[in-house]
Structure formats: structure tokens, C-alpha cells
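Asker: Before we start, here is the structure in question, set down as C-alpha cells.
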Amino acid sequence: MDLQKEIKRRRTFAIISHPDAGKTTLTEKLLLFGNAIQTAGAVKSNKIRKTSQSDFMEIEKQRGISVSTSVMAFEYDGIQVNILDTPGHKDFAEDTYRTLSAVDSVILVVDTAKGVEEQTRKLMNVCRMRHTPVMIFVNKMDREGIVHFDLLEELEKELSIEVCPYTWPIGSGKKFQGVYNLNSKEVSIHASENTSKSDGELRISSLEDAKLDTHIRKDTLETFREEVELVNGVFEPFNHSLYLDGYLAPVFFGSALNNNGVLQLLETFLQIAPSPGPLESAQRTVSPEEEKLTGFVFKIHANLDPNHRDRIAFLRICSGKFERNKFYYHTRLKKKFRFPSPTSFMANSKKVIDDAYPGDVVGLYDSGNFKIGDTLTEGESLQFKGIPSFSPEILREVNNLDNFKTKQLDKGVRQLTDEGVAQLFIKQPGNRKIIGTVGELQYEVIKYRLEHEYGAKCNFSQLAFNRAYWITTGNKKQLDELVMRKANNIAFDKDDTPVYLAESDWALKTVKEMYPDLEFHATSEYEV
Ligand SMILES: Nc1nc2c(ncn2[C@@H]2O[C@H](COP(=O)(O)OP(=O)(O)OP(=O)(O)O)[C@@H](O)[C@H]2O)c(=O)[nH]1
Ligand SMILES: [Mg+2]
């Protein structure tokens, strides 16, 4: 009973978008309304010194972009809200994709002036594949943007999802004055430019109320009324079950920076967004109501706190109740572990918790036992599915620039690649380290973190290879022959699996023809 109650009062979701649409700003405003923080960090005005709560890595503060997912929790109206603020940049998309496997719904942020962008499309594809319920927040309404009706059409067409406006903006650009909730029929007028809370908001319960005339500019009000009439004629009313099945995305308008329209988004989100649901494992579907605990690790992060050099595994609870100090079964290592100080995440502070429920994300101190995708149970052999792996598109060699720090460099490279920041391959002779990524910025993050977290200095040199392929075979002789004859193209991953480094598609094709019994896989997560 208790368990069911706890599940019902939880909402775990990710905020996703193309870079710079305003995810971190929105996250911060949600935390503000949830009383989790007192003042917002104003991401824009001062990206370096005063940064937002959710971008806590030094490098993120400096560049003003998010490079990895931040997890934050707060309570609002008795509901436990777990927000995962993801990075928008494509070089860190792997982190975002993994995060999508750990949430029950998403809020997709779109910049009103930019509309659908490259990453918006890609992320939406992943959501559609997983049938994740999506809400869309059209942000930056304080700026001139695409005509709302055109934008809705663009969203529907480009994202292949049905959309339906849930709120409608009153004016836009400099004249953006608030939003109208098309379902509750309530008007919220934004009165002041305050950045602390919602005190500056006036709620009027009907479109006919004469108060509207005193608070809204005449020309804005006229256009707005006409638009609402049109919207009511064109769009079907919101259908909750189509949303829950991932076929319909309700659309909200607002300005995260000015707190305008954010409260309406939050209130509706709490009402309509799903609580934790069943999740697929390789063996069976796991329902959150099951008494026994299950959960999986979707992210690992070392040195979150510069004062404590800890490595933390982020566990998404899928079923049952998680308890501090209880033994749980690590299904990959087939070993039991217990966790004396599991933590919850609150902006950039952490606190030790005694228990956690489905939907919650728990931080577990890890001394190297976890990998991304690992599952914990109370004894059952389970493996949760859906954590994507990536095939590196750029390969570079690590060069040590400080011989006194070789050990630190080795440790750093190993730990960061364990986190899934990038992939590590070792090439002989000389134990050469090759790092594979999907984007340039990942090298920048690795270099920065090696220097600041491990005291090691390095640079990266270009290699002639542009792709890595994991090799499997039943024909050991052929494999040995390839390893011997093509030694210059062979490296080994962390599990000692041989990998073929290809200069081109053509080179791969030739090798495939020469060694027909060998199988080449573009990712390490091949079916065995
Ligand atoms: N005018 C205006 N600017 C906004 C609004 N919301 C966010 N911004 C600005 O847009 C920029 C990017 O905001 P972020 O919140 O860092 O964007 P993000 O989506 O988290 O970016 P990444 O995590 O790097 O992908 C910042 O300069 C914000 O101040 C808004 O409502 N109006
Ligand atoms: Mg961000």
C-alpha cells in the first residue's frame, strides 16, 4: 500500500532540447517554484561566476553549456519531482540518450525563434521509439518568434507527433503578457519582471472577465481573443491517454528567463505526467509495484564534488523499496553489495537517504564495481534493456605531457572512460591509449577533467583511423591471423575484446572479404 502511494506521488522526467533552448534555465525555474532554491543564478547575465544550480561542473560554468546530465529532486504539493537536466550539444548526446532510458516522460524545449532544430529531431526520434510521453515548452516568448500556428504545424510535421496547444500566449515578443490555459480556461497575467517567484502573477478565471481589459493592451487582447477562437476551432481538446501513449504532445508557451508561463507548465505537468511505470528487462517486464527492489545504473560520474574524490553511480529505482544498508544483488558481477550512504540529489547539494522508491534516482558511492547498464535486484538474474552504446566516430591517441604524472593520467583515463565519457582502446606495442568519441568537445572535457581532477596533462594526436569495429568469431585461427597480420589496425577495449581500427569503409570491406568467419560490430553492445 505504502509502495503504491509512493509510486503515485512521483514524477521522473528529463528536460531535452537542441543546445541553448533554455533547459537549464527552465530546470532552475522549476526548482525555484519548488522552493528547492531561493534565487535563480541567471544563466545569461553571468555565465562564469554566478552559474545556475544545475550546471555544477567547472567546465560547464566556464562555457555556459551543459556537458552532462544533472539530477535534481524537489517536492511540490506533496509530489516528489525528479528532474534530469540533459546536455543539448550533440557531442554529449550519449549522456542524454542514456538519461532517456531512466525517465517516465520528457519536457521538450523549443526556442520560439528557431523552431525545430537538428537535435530536437534526433531526441524526438528516441522518444518516439520508446513511446515516452512528451510535453513541449515553447520558450523565449519574450522574443519575436515564428507565428504560433506555423510553429505548431512545424512541430507536428517535423517531429511526427500530433500536437495540441494546452496554453496559449497572450501577445509575444516585448508584448508577451502571460498565458491562457485552454483547458482550465484560466488566464495568468505576468505583472512584473521579477526573477524570484510567482508573486507577480495575476490569475483571472475567465476570458470574459472585465479585468482583462485593464491588464492587457487593447490590441494584444483583440488578437489574443481571435486566436483563441481559432485554436478552439482547429484543435481537438487535449486527450490524456493519447499523451500517455506518446502519440500526442501538449504544447505550452512561456519564457523561462522571466518565469512567465512556467508555473502553468509545472502545475499541468504534475497533473498529467505519468508516475513511474513498468520497464523492460531482457527477461521480463518489471512493474514498479513489485515488492522486491530492482534498479539500474544509467550514469556514472567521478569527482562530482571537488572536495571529495568520489565516484558515484546513478541508480534509477524501477520497483520495490530501496533501503540503506540492505544487501542487493549485482546481476553482472553475481555478487551482493550494500550501500551505507546512498544519496539523493538536490541542486548541488547531496544528502544521505534511508530509503527510495520507484522513479527516484539514488547516488551510490562506487569503488569501481559499476558500469553503465548494471542492474541491482534482490537475487533475481535481471538485466534492464535500452541503454544505448555508441560507436566512436573520432579516434585519437593520448599523449602524456608530464612524465611525473603517468599514474594519474592512467587512472584518470580509465575512470573517465568507465563513466562512459568516451571509449578507451589499448594498442600494442607500448600500451598506447586511443580514445574514441562521437564529437570534438568530448576531448576538451576529457583534457580539462584530467588536468583539474587528476593533475595530469595530455594532448591528443590525430590517427588515420575513423572507425572502430568489435570483432567476434567462432574461428579463433582466423582471428589470430588477423591480429598478427594487421597488428597496426588492432587494439583492445577495456574488456580485452579485439577491435579493428579501420581507415575507411573500403579497408573494412577488404578485411571482411579476407576473413569471412570474423564478424565486425559497430558497437560493443552486439547480441551474443
Ligand atoms: N530571452 C530569453 N532568453 C532565455 C530564456 N530562457 C533561457 N534563455 C537564455 O538562453 C541561453 C541558454 O540557456 P540555457 O538554459 O543554458 O540553455 P540549455 O538548453 O540548458 O543549453 P545546453 O545545456 O548547453 O544545451 C541563456 O543565455 C539563457 O539566459 C527566455 O525565456 N528568454
Ligand atoms: Mg543546459
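The values are calculated or read from the model by the stated rules, or taken from the named source; none is laboratory data. Here the structure is a predicted model, which is why all the values come from computation and not from measurement. FYI the Cβ positions are ideal-geometry reconstructions off the backbone, even for glycines, and counts take in every protein chain you see. What goes into the accessible areas is simple: the full protein's heavy atoms, side chains included, and nothing from ligands, DNA or RNA. Shrake-Rupley method; radii C 1.70, N 1.55, O 1.52, S 1.80 Å.
Asker: Confirm whether Phe460 is open to solvent by less than 70 Å² (accessible area, probe 1.4 Å), in contact (Cβ under 8 Å) with a residue 60 or more places away in the chain, of a type outside the set (S, T, N, Q) and assigned to a loop (DSSP other than H, G, I, E, B).
Answerer: The answer is no for Phe460.
Asker: Return a yes/no flag: does the range 283-301 have any residue that is open to solvent by 40 Å² or more (accessible area, probe 1.4 Å) and within 21 Å of the chain's Cα centre (by Cα).
Answerer: no
Asker: Tell me, yes or no, whether the range 435-452 has at least one residue that is modelled with pLDDT of 90 or more and among the acidic types (Asp, Glu).
Answerer: yes
Asker: Consider Leu257 against the criteria (1) within 16 Å of ligand 2 (Cβ to nearest atom); (2) surrounded by fewer than 17 Cβ atoms within 10 Å (Cβ to Cβ): it satisfies all of them except one. Which criterion is unmet?
Answerer: Result: Leu257 fails condition (2) only.
Asker: Please state which of the following conditions Asn139 fails to meet, knowing it meets all the rest: (1) away from ligand 2 (no atom under 16 Å from the Cβ); (2) more than 17 Å from Tyr243 (Cα to Cα); (3) at pLDDT 95 or above.
Answerer: The single condition Asn139 does not satisfy is (1).
Every residue, every condition in (1) among the acidic types (Asp, Glu); (2) within 30 Å of Ser287 (Cβ to Cβ), yes or no:
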{"site": "Ile372", "(1), (2)": "no, yes"}
{"site": "Glu378", "(1), (2)": "yes, yes"}
{"site": "Pro388", "(1), (2)": "no, yes"}
{"site": "Val398", "(1), (2)": "no, no"}
{"site": "Leu401", "(1), (2)": "no, no"}
{"site": "Lys405", "(1), (2)": "no, no"}
{"site": "Gly430", "(1), (2)": "no, no"}
{"site": "Lys433", "(1), (2)": "no, no"}
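Asker: So which residues in the range 434-444 are buried (at least 21 other Cβ atoms within 10 Å of the Cβ) and in contact with a helix residue (DSSP H, G or I) (Cβ under 6 Å, 6 or more places away or on another chain)? Walk me through how you get there before you give the answer.
Answerer: Let us first name the residues in the range 434-444 that are buried (at least 21 other Cβ atoms within 10 Å of the Cβ), namely 434-437, 442.
Passing the criteria: only Gln442.
Condition check ((1) open to solvent by 20 Å² or more (accessible area, probe 1.4 Å); (2) in contact with a Ser or Thr (Cβ under 6 Å, 6 or more places away or on another chain)) across all residues:
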site	(1), (2)
Asn466	yes, no
Asn475	yes, no
Asn489	no, no
Asp495	yes, no
Leu501	no, no
Ser504	yes, no
Ala507	no, no
Glu519	yes, yes
Ala522	yes, yes
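Asker: Pull up the range 127-149, narrow it to residues that are closer than 30 Å to Ile387 by Cβ and aliphatic (A, V, I, L, M), then point me to the one that is surrounded by the fewest Cβ atoms within 10 Å (Cβ to Cβ).
Answerer: Within the range 127-149, the first condition is being closer than 30 Å to Ile387 by Cβ, and the residues that meet it are 127-137, 139.
With aliphatic (A, V, I, L, M) added as a condition, the list becomes 129, 134-136.
Details: Met129: 11, Val134: 25, Met135: 21, Ile136: 28.
Among them, the one singled out is Met129.
Asker: Kindly indicate whether Leu244 is within 30 Å of Leu382 (Cα to Cα), surrounded by 15 or more Cβ atoms within 10 Å (Cβ to Cβ) and of a type in the set (A, V, I, L, M).
Answerer: Working: within 30 Å of Leu382 (Cα to Cα): yes; surrounded by 15 or more Cβ atoms within 10 Å (Cβ to Cβ): yes; of a type in the set (A, V, I, L, M): yes.
Yes; evaluated as a whole, the condition is true for this residue.
Asker: Just to be sure I understand, how many residues within the range 144-171 are within 19 Å of Thr120 (Cα to Cα) and in contact with a Lys or Arg (Cβ under 9 Å, 6 or more places away or on another chain)?
Answerer: Total meeting the criteria: 6.
Asker: Let me ask you something else. Would you mind listing the strands (runs of 3 or more DSSP E) fully within the range 320-433 where at least 3 residues are surrounded by 13 or more Cβ atoms within 10 Å (Cβ to Cβ)? Even if it seems obvious, please write down each step before you answer.
Answerer: Numbers: elements: 327-330, 335-338, 343-346, 349-352, 361-365, 375-377, 394-400, 423-427.
So the answer is 327-330, 343-346, 361-365, 375-377, 394-400, 423-427.
Asker: Right, here's the next one. Take the range 260-282 and flag every residue that is crowded, with 20+ Cβ neighbours inside 10 Å and either over 21 Å from the mean Cα position of the chain (by Cα) or aromatic (Phe, Trp, Tyr) (or both).
Answerer: Those that are crowded, with 20+ Cβ neighbours inside 10 Å and either over 21 Å from the mean Cα position of the chain (by Cα) or aromatic (Phe, Trp, Tyr) (or both): Asn260, Gly261, Leu263, Gln264, Phe269.
Asker: Report, by residue number, each residue of the range 78-101 that is over 11 Å from the mean Cα position of the chain (by Cα), modelled with pLDDT of 90 or more and either within 12 Å of ligand 2 (Cβ to nearest atom) or surrounded by fewer than 23 Cβ atoms within 10 Å (Cβ to Cβ) (or both).
Answerer: Passing the criteria: Gly78, Ile79, Gln80.
Asker: What are the residues in the range 150-166 that are more than 15 Å from His240 (Cα to Cα) and open to solvent by less than 10 Å² (accessible area, probe 1.4 Å), if any? Spell out the reasoning first.
Answerer: Of all residues in the range 150-166, those more than 15 Å from His240 (Cα to Cα) come to 150-160.
Result: Leu151, Leu152, Leu155, Leu159.
Asker: Within the range 102-126, take every residue that is in a strand (DSSP E or B) and of a type in the set (Gly, Ala, Ser) and give me the one that is surrounded by the most Cβ atoms within 10 Å (Cβ to Cβ). Explain how you work it out, then say what you get.
Answerer: Looking only at the range 102-126, we keep the residues that are in a strand (DSSP E or B), and these are 105-111, 115.
Still in the list and also of a type in the set (Gly, Ala, Ser): 105, 115.
Values: Ser105: 22, Gly115: 17.
It comes out as Ser105.
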